[in-house]
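Scroll down for the structure; my scribbles are underneath it.
The values are calculated or read from the model by the stated rules, or taken from the named source; none is laboratory data. Please read all numbers here as calculations on a predicted model, not as lab measurements. As a convention, Cβ positions derive from the backbone with ideal geometry for all residues, glycine included, and neighbour counts pool all protein chains shown. Side chains included, ligands, DNA and RNA excluded: accessible areas come from the protein's heavy atoms. Shrake-Rupley method; radii C 1.70, N 1.55, O 1.52, S 1.80 Å.
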Amino acid sequence: MKNVTTIHRRRTPDTSKLFPRLSRKTRKAFYLEASKYLSDISKLIFGGVILTNIVNFNINKTITFAVGLFAIIGFTSLSLILFLKGKE
């Protein structure tokens, strides 16, 4: 008779994927929705940078543009990566 533990061995989860228990279709839909969300966030940051400079708040414009530009580039690139991952 075989050892019971070898027959009913627990499966270890696959940690190489971001969402191992979701189906492929669900994962694609999630990536596309996250891509849309990050794209909207980058648009809002762009609008916020423009509005803060129009209103002339007492802040440094160079720092505002620099931080805003880095945030926009970061969120837009993440959005593009997730979009491409969702369209695979």
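Residue by residue through region 42-69, note down the ones that are surrounded by fewer than 16 Cβ atoms within 10 Å (Cβ to Cβ) and closer than 30 Å to Thr26 by Cβ.
Lys43, Leu44
Take the residues in region 1-22 that are assigned to a helix (DSSP H, G or I) and either at pLDDT 90 or above or of a type in the set (A, V, I, L, M, F, W, C) (or both), then tell me which one is least open to solvent (accessible area, probe 1.4 Å).
Ranking the qualifying residues of region 1-22, first place goes to Val4.
Could you give me the residue pairs with C-beta distances under 7 Å whose first residue belongs to region 69-88 and is of a type in the set (D, E, K, R), whose second residue is assigned to a helix (DSSP H, G or I) wherever it lies, and which are 6+ apart or on separate chains?
Within 7 Å, the pairs are Lys85/Tyr31.
Just one of Ile54, Ile63, Ile50, Ile41 is modelled with pLDDT of 95 or more, among the aliphatic types (A, V, I, L, M) and not in a loop (DSSP other than H, G, I, E, B); which is it?
Exactly one residue qualifies, and that residue is Ile41.
Residue under question is Lys25, and the condition is that it be touching a helix residue (DSSP H, G or I) at 6+ places or on another chain (Cβ under 8 Å) and modelled with pLDDT under 95; does it hold?
Answer is no for this residue.
Suppose the filter is among the aromatic types (Phe, Trp, Tyr) and modelled with pLDDT of 95 or more; does Tyr31 pass it?
No.
Restricting to region 70-88, name every residue that is open to solvent by less than 70 Å² (accessible area, probe 1.4 Å), more than 11 Å from the chain's Cα centre (by Cα) and not small (Gly, Ala, Ser).
Of everything in region 70-88, just one residue is open to solvent by less than 70 Å² (accessible area, probe 1.4 Å), more than 11 Å from the chain's Cα centre (by Cα) and not small (Gly, Ala, Ser), namely Ile72.
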